[in-house]
Amino acid sequence: MESCSNTTLKRAPRRLAGAGLFCAPGAARWAQYQQGMSVAPECFALMAFLVCSVLPGSIPSRLRATFASDLLGKAAYERMERGYYERLLAPDRSLAALADSPLSTDRSKLPKAEDVFGEVSRVLDPVEDLRERVLKPSLTTRVGEASWSTNAFGLRDAPYEITKPPGTLRMILAGDSIAAGWGVDDGAEFESRLERNLDNLSRADGGPAVEILNLAAPGYSPGARWEHVRRLGWSLTPDLVIFEATLADFGWDERRIRWLLSWGIGWDSPQYHETLTAAGLKPGATAKTYQTQLKPYREALLSNVYRVAAAECRERGVPCVWLLLPRVGCPDDPGARRRLRGLAEAAGFSAIIDLSDTYAGIDPAALAVSPHDYHPNADGHARLARRLDAEFRRLPVWRRLTDATTREGETSP
């Protein structure tokens, strides 16, 4: 990460508190971090910046500019993005410096996400599995400037019946905060737009109704995305699965699983089992130990997730489309993209859709939720939906599914 001045670091908690960003418990947690933990100063600065990212409208412009100039640059983008994603679930757990502290083995003493990110705590509930948190069901609120609502299943989506209606082609989307539409209003996410487009197209051609149920949630690593499919998605009887990915997926599961394993979570997960065995991991160690053991297996861990996802879909006879999305303000890395696509192709997904060039040549400022939040705004989502709509129409698996569902609806009593 690019350097930032000690003066800025020391002023950060005070300035943020003055801006009304920390409640009393949050300020106390921050003080505990400073007094009792050996956490790298850049972690405090990054956490402060990330609070700015979540609540941009609540922060004076001069303060936002200070953090932007001190903390953001080309070298810092990947670090900022990774931390932002991770802290949407639990801001404390992604701080690698905590791995050497007593907190790494005493989960109850870790600062909670809601102490730092009030916005996130309103939409997420903790669970004791790989997902760590799930969206609260039947919720209507606002997150920042955006409307936010969930259905009875805890999906940021319209109400659906658990039983698929006759003559309906149902898809599910597994993804992270981009797919969940972080920062945009209900119905503005690319998933909702794509569903409307495909449903209108299909019905106009005399085909089935089309549903896309959005299982995406902020902060979900690839393994957590698949865990949500396994725990909820299959009960919705999908005809097709869309597995969303970005280049940020590299190393994401390793950073999450080392903490979860130290708390006894994830040892029996199929999407990690092969890699954990190859790495020789055993229960009872610390997150720091697992970090060291897993570092050579970061890419293998992601490959493990992809292969299990594709295999489980094949076993159920359900096509699975791997979808690669671009990230606003982050230049495409052709080498990393080839490696990620290679993992997806080797896993055996039914189809590959790569939308990496969707934002090419467009000023990132015109596509981002805010100057300090790289998530796509409504226009960014609209562009993704249009591209995805065109790609889906060309997929052989899409035509087969619409034809089969139409015939099924015609023969139903």
statement: The correct count of residues that are crowded, with 21+ Cβ neighbours inside 10 Å and not small (Gly, Ala, Ser) in the range 287-296 is 2
- request: Take the range 226-267 and flag every residue that is closer than 28 Å to Ile212 by Cβ and free of Cβ contacts under 8 Å to residues at least 60 places away in the same chain.
  value: Asp253
- prompt: In this structure, is Leu232 more than 17 Å from the chain's Cα centre (by Cα), buried (at least 17 other Cβ atoms within 10 Å of the Cβ) and at pLDDT 95 or above?
  reply: no
message: Quick check on Leu215: is it surrounded by 20 or more Cβ atoms within 10 Å (Cβ to Cβ), more than 19 Å from the chain's Cα centre (by Cα), among the aliphatic types (A, V, I, L, M) and under 23 Å from Trp322 (Cα atoms)?
response: no
Extreme residue, modelled with the lowest pLDDT, among residues of the range 367-405 that are in a helix (DSSP H, G or I), more than 22 Å from the chain's Cα centre (by Cα) and aliphatic (A, V, I, L, M): Ala404
task: Enumerate the pairs (first residue in the range 268-284 and more than 17 Å from Pro296 (Cβ to Cβ); second residue anywhere and among the small types (Gly, Ala, Ser)) with beta-carbon separation below 6 Å, excluding pairs fewer than 6 apart on the same chain, so at least 6 apart or on different chains.
output: Gln271/Gly223
message: Taking the conditions exactly as written (under 10 Å from Leu247 (Cα atoms), outside any strand (DSSP E or B) and modelled with pLDDT of 95 or more), does Arg337 satisfy them or not?
response: yes
query: For the range 162-177, does any single residue satisfy the condition of being free of Cβ contacts under 8 Å to residues at least 40 places away in the same chain, over 25 Å from Ala310 (Cβ atoms) and assigned by TED's automatic domain parsing to the domain that holds Pro222?
result: no
message: Looking only at the range 302-322, how many residues end up being within 16 Å of Trp252 (Cβ to Cβ) and either under 17 Å from the mean Cα position of the chain (by Cα) or among the small types (Gly, Ala, Ser) (or both)?
response: 6
- line: Taking the range 255-286 and keeping residues more than 18 Å from Ala309 (Cβ to Cβ) and buried (at least 22 other Cβ atoms within 10 Å of the Cβ) leaves Arg258, Trp259, Leu260, Leu261, Ser262
message: Of all residues being outside any strand (DSSP E or B) and out of contact with any Ser or Thr (no Cβ under 8 Å at 6 or more places or on another chain) in the range 167-179, which is surrounded by the most Cβ atoms within 10 Å (Cβ to Cβ)? Just the residue, please.
response: Ala179
- prompt: Given Leu367, Leu401, Leu388, Leu395, which one is in contact (Cβ under 8 Å) with a residue 40 or more places away in the chain, touching a Phe, Trp or Tyr at 6+ places or on another chain (Cβ under 7 Å) and in the same structural domain as Ser147 (by TED's automatic domain parsing)?
  reply: Leu388
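The values are calculated or read from the model by the stated rules, or taken from the named source; none is laboratory data. On a predicted model such as this, the values are computed, not experimentally measured, just so you know. As a convention, Cβ positions derive from the backbone with ideal geometry for all residues, glycine included, and neighbour counts pool all protein chains shown.
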